[in-house]
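The values are calculated or read from the model by the stated rules, or taken from the named source; none is laboratory data. Since the structure is predicted, the reported quantities are computational estimates derived from the model, not experimental observations. Every residue, glycine as well, gets a Cβ built from its backbone with ideal geometry; the counts of neighbours run over all protein chains shown.
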Amino acid sequence: MLVNIILNEKKISADVEPDLLLIDFVREQGCLSVKRGCETSNCGLCTVFLEDRPVLSCSVLAVRADGKRVTTLEGLKEEAEEFGAFIADQGAEQCGFCNPGFVMNALALFRENPDPSEEEIREYLAGNLCRCSGYEGQLRGIQAYLEWKKSNRV
Amino acid sequence: MKTVGKPVRKKDAMQLLTGQPVYTEDIAPAGCLVVKLLRSPHASALIKSIRKDIALKVPGIEAIYTWEDIPKGQRRFTLAGQTYPEASPYDRLLLDRRVRYVGDPVAIVAGADEKSVDKALSLIRVEYQVEEPVLDFHKAKDNPILVHPEEDWESLCPVGADHKRNLCAHDETSEGDIEQVLSECDIVLDRVYHTKACQQTMMETFRTFCTIDPYGRLHVVSSTQIVFHCRRIIANALNIPKSMVRVSKPRIGGGFGAKQTSVSEIYPAFVTWKTKKPSKIIFSREESMTASTPRHEMEMHVRLGAMKDGRIRGIDLYTLSNTGAYGEHGPTTVGLSGHKSIPLYGKSEAFRFVSDVVYTNVMSAGAYRGYGATQGLFAVESAVNELAAVLKRDPFSLREQNMVREGDVMPAYYGQVNSSCALDRCLSRVREMIGWEEKYPARDMGNGKIRSVGMGMAMQGSGISNVDVGSATLKLGDEGHYQLIIGAADMGTGCDTILAQIAAEVLECEIEEITVFGADTDASPYDSGSYASSTTYITGKAVEDCALKLRRQICALGASLLGCGADQTEFDGKSVTRTGGGEAVTLQEIAAASMCGNEIPLQETVTHSSPISPPPFMTGAAEIEVDTGTGEVKVLNYAAVVDCGTPINPNLARVQAEGGILQGIGMTLTENITYDEKGRVLQNSLMQYKIPTRLDIGHIQVEFENSYEKAGPFGAKSIGEVVINTPLPAITDAIFNATGLRFRELPVTPEQIAMGYAQKKE
């Protein structure tokens, strides 16, 4: 099937199998930040934006994205670097394999809710598993980033 | 100190956080053959026949291999990443006619893409002679049904193994007369504890790709903690010279011990060696949950003898360990269940530790953070908590009275002297942090919820004494930058950065001036690999010594430029100066001079091993809330204080501790492994196997109380493993304090608590 997908602001026309998953499509297109950690929509590693909303790309068919905008971490380099630095300052990136999905979903949170409470952070990111960090360092990093954002806004 | 002890960023942090393609699958060449495995649906069976002719007709299929393609007389081997000769028995073949658990590989299929391989997998026709499996590990020893009846089974080390008895290992050690001492005790607690085959659940599953290099050798790129052991294992499995194999690792998406066993490497290695084409294998999550290398299930029988005044006089421990279908890490993990739990109670007069490791027809176990100590500490620390309850003593004060202290000889820890230990300070600080005084034992919140606290202590080792080898190569390059080359594996732990910090401290330079390369069997100096909590302590010391040697070489070349003796020079990290005089040459000038008409090498390699394995220590305490109606337990707060010697990088040490603690919490409350009557693992996805999410934990607070270990680099010991151990006894004791229910099997589920509590109220 022919699909037209705007991937990271670049228009791509491709002939895809009807059962091709979005995660495999974007990886084929070189967006290798997108990771697969399970086959059951439990881990959050494969998070991408579909029309600016976070979705699990392992649970979306590529054809579903026809005519739509898909964004991966490759398309959010500046934002990722700005926020990522605060995670790095905690050492909470650890093995890094869950980072792209986690960073994507954190950025989605900040867009939706620029001043989230601790509970809101936990709930929004509950679907992003991490086995290394125990989440505590990620939380510290997020809170430090939000503080910095706040002080920059003033 | 300028760099050591500073919370510097991990060298690869921003690459990882921006999603750069640095992992095995990301860098596998396009056009790799896709390799998948056909796995046994039976726990025990002999393959009567395999038809692959139809499957081979699927377009795109390159090759299908079965046990008939393995040369007759091929020696068995182990997948355990251990120093040769391995304690783990040689009990595997690449493909065997006998399958020993549900998931054991039956055929290797290689094809152009996933679809063709999946199709071929479904078209292979296997006829099995199904046999009765051994599924209950209590009944395995001396069972007439043998998991390994074959005559070519081998045990390379004297570990008490006997495959004709389903025994992977047996050991007995003791000091003093335990029966006499226990008979004199006022109280002898006799308890049995049980832990399951928990999964490491690193986010990146097992994966490997292979190519043939320009010399016709096999190049294996894999997500592994053990490049050098991996080289040996692959050569053994393929029956080819070790010189024909090169193993390197890219970034690793988590290991926790899982990747100390060569779970995935041998299959694409075989395919590429046979076809001379690149190939890759990516384990699905289901395969990682059902055909991998989880923690050894253990049952521990503790007899703890004490006097009414609280004095612990003797510990008698029997551990029964379930290694599953193959013996990877079986003989070694069990040892830690006693040798890293009993020594915490240094004043006891006698101990005995007996262990059996048995084969059964379930998934083979392996190495998982804590490596047997986790299981043993759950048993011993829980027994001590039970003793405190019986004696109506505060668990902290009972530890104060009995615990091991700096300078004590530890008979159950191979007679080693406790050379550095701040456990006493860890204990008193945790007590404050958790607010024990106000919260112990429990408070009824009046809404069906009870809050309570519990605690536990832990120790581990720092490397394997007289076995583990760590090496470092340092060289000075253009413009005065350094390159550090290691064979240890950074699996997210940050060892590339930590080792660079050690080098930077000695060389008096910025950490940015040191690049790190590792690990690659062709290029790295030999290192056992990153496991057994060895990298900071063993390889770190090699780095420190190596940097000192390189300093001397820099001075030697500087001296020759200055026209004086090396002993008349000083090096401050920037230039070599003639002692007392003003003449100096900069590091850049020395680096340039080293590349022109020079015979003084500015490259050093140091190899290090340690005769001792200094234990890191830790105390942890949990505050939990139990919902007495639903049985749900939430950990509101976990306070922990770690003595890892000098924390080289406090940020990375803290995150290691936080992550390890949450894994321990998962093991205590949610991570379960059960089998159906056919021996199938029921928790085969992240849907059923529940690792904690960020909603499942309140806060984890970690602090450090440093001792100084003279044998370690800048006083450092290890941290990676000790941190997983305390939640098990701490949380189960907190559950007891809240409900009066004593759980000795993990995980403790809400059902068990709710039912038990309801029953108790009746």
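For this structure, a couple of remarks:
- Residue in the range B:46-64 that is more than 15 Å from residue B:121 (Cβ to Cβ) and touching a helix residue (DSSP H, G or I) at 6+ places or on another chain (Cβ under 7 Å) present: yes
- Cβ-Cβ under 7 Å pairs, at least 6 apart or on other chains, the range B:407-420 side at positive phi, far side surrounded by fewer than 18 Cβ atoms within 10 Å (Cβ to Cβ) and at pLDDT 95 or above: B:407/B:417; B:415/B:409
- So residue A:127, is it facing chain B (nearest Cβ under 10 Å) and not in a helix (DSSP H, G or I): yes
- Residues (surrounded by fewer than 24 Cβ atoms within 10 Å (Cβ to Cβ) and more than 14 Å from every other protein chain (Cβ to nearest Cβ)) located in the range B:632-657: B:632, B:646
- The set of residues in the range A:62-106 being among the acidic types (Asp, Glu) and crowded, with 24+ Cβ neighbours inside 10 Å consists of A:93 alone.
- Unique match (being assigned to a helix (DSSP H, G or I), more than 17 Å from the chain's Cα centre (by Cα) and away from chain B (no Cβ under 11 Å)) among A:152, A:105: A:152
- Failed criterion for residue B:520 (all others in (1) farther than 30 Å from residue B:761 by Cα; (2) over 29 Å from the mean Cα position of the chain (by Cα); (3) surrounded by fewer than 22 Cβ atoms within 10 Å (Cβ to Cβ) hold): (2)
- Some residue of the range B:714-731 being surrounded by fewer than 24 Cβ atoms within 10 Å (Cβ to Cβ) and more than 23 Å from residue A:123 (Cβ to Cβ): yes
- Every residue from the range A:131-143 that is at the interface with another protein chain (Cβ under 7 Å from one of its Cβ atoms), within 13 Å of residue B:17 (Cβ to Cβ) and touching a Lys or Arg at 6+ places or on another chain (Cβ under 9 Å): A:137
- Considering B:516, B:453, B:417, B:430, the condition of being within 24 Å of residue A:95 (Cβ to Cβ), modelled with pLDDT of 95 or more and more than 14 Å from chain A (Cβ to nearest Cβ) is satisfied by B:516 alone.
- Residues satisfying the criterion are present in the range B:698-714 (criterion: part of a helix (DSSP H, G or I) and more than 9 Å from chain A (Cβ to nearest Cβ)).
- Of all residues in the range B:242-253, those that are more than 14 Å from chain A (Cβ to nearest Cβ) and touching a residue at least 40 places away in the same chain (Cβ under 8 Å) have Cβ atoms under 8 Å from Cβ atoms of residues that are part of a loop (DSSP other than H, G, I, E, B) and buried (at least 24 other Cβ atoms within 10 Å of the Cβ), 6 or more apart or on another chain, in B:247/B:224; B:247/B:265; B:248/B:519.
- Of all residues in the range A:2-51 being among the hydroxyl-bearing types (Ser, Thr, Tyr) and surrounded by 21 or more Cβ atoms within 10 Å (Cβ to Cβ), the one that is farthest from the other protein chains (Cβ to nearest Cβ): A:47
- Among the criteria (1) at pLDDT 95 or above; (2) part of a loop (DSSP other than H, G, I, E, B), the one residue B:347 does not fulfil is (1).
Every residue, every condition in (1) farther than 27 Å from residue B:257 by Cβ; (2) not β-branched (Val, Ile, Thr), yes or no:
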position	(1), (2)
A:87	no, no
A:108	yes, yes
A:121	yes, no
A:133	no, yes
A:142	yes, no
A:147	yes, yes
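- Test: residue in the range B:668-681 that is in contact with a strand residue (DSSP E or B) (Cβ under 8 Å, 6 or more places away or on another chain) and within 21 Å of residue B:8 (Cα to Cα): no
- Here the condition is being assigned to a loop (DSSP other than H, G, I, E, B) and either surrounded by 24 or more Cβ atoms within 10 Å (Cβ to Cβ) or away from chain A (no Cβ under 14 Å) (or both); of B:660, B:629, it holds for B:629 alone.
- Check on residue A:64, out of contact with any His (no Cβ under 8 Å at 6 or more places or on another chain), part of a helix (DSSP H, G or I), within 21 Å of residue A:127 (Cβ to Cβ) and more than 14 Å from chain B (Cβ to nearest Cβ): yes
- Complete set of residues in the range A:75-84 that are touching a residue at least 12 places away in the same chain (Cβ under 8 Å) and facing chain B (nearest Cβ under 7 Å): A:80, A:84
- Only one of B:140, B:120, B:87, B:107 that is crowded, with 22+ Cβ neighbours inside 10 Å, touching a residue at least 60 places away in the same chain (Cβ under 8 Å) and outside the structural domain of residue B:47 (by TED's automatic domain parsing): B:140
- Filter result (aliphatic (A, V, I, L, M) and under 17 Å from residue B:293 (Cβ atoms)) within the range B:228-248: B:233, B:234, B:237
- For the range B:1-78, the helices (runs of 4 or more DSSP H) that sit wholly inside it and include 2 or more residues that are surrounded by fewer than 21 Cβ atoms within 10 Å (Cβ to Cβ) and within 14 Å of chain A (Cβ to nearest Cβ) are B:13-17, B:24-27.
- In the range B:359-374, the residues that are of a type in the set (D, E, K, R) form Cβ pairs under 6 Å with partners that are in a helix (DSSP H, G or I), at six or more places apart or across chains, as follows: B:369/B:724.
- On inspection, residue B:188 does not qualify as touching a strand residue (DSSP E or B) at 6+ places or on another chain (Cβ under 6 Å), among the hydrophobic types (A, V, I, L, M, F, W, C) and assigned to a loop (DSSP other than H, G, I, E, B).
- Checklist (1) surrounded by fewer than 23 Cβ atoms within 10 Å (Cβ to Cβ); (2) in contact with a Pro (Cβ under 9 Å, 6 or more places away or on another chain); (3) outside any strand (DSSP E or B) applied to residue B:179, failing item: (2)
- Flag for residue B:416 being within 17 Å of residue B:641 (Cβ to Cβ), polar (S, T, N, Q) and within 23 Å of the chain's Cα centre (by Cα): no
- Total residues in the range B:691-745, condition within 28 Å of residue B:285 (Cα to Cα) and charged (D, E, K, R): 4
- The set of residues in the range A:108-119 being away from chain B (no Cβ under 12 Å), over 11 Å from the mean Cα position of the chain (by Cα) and in a helix (DSSP H, G or I) consists of A:110, A:111, A:112.
- Condition met for residue B:760 (without any contact (Cβ under 8 Å) to a residue 60 or more places away in the chain and more than 14 Å from chain A (Cβ to nearest Cβ)): yes
- Taken over the range B:42-74, the residue count meeting the criterion of being among the hydroxyl-bearing types (Ser, Thr, Tyr) and farther than 14 Å from residue B:129 by Cβ is 2.
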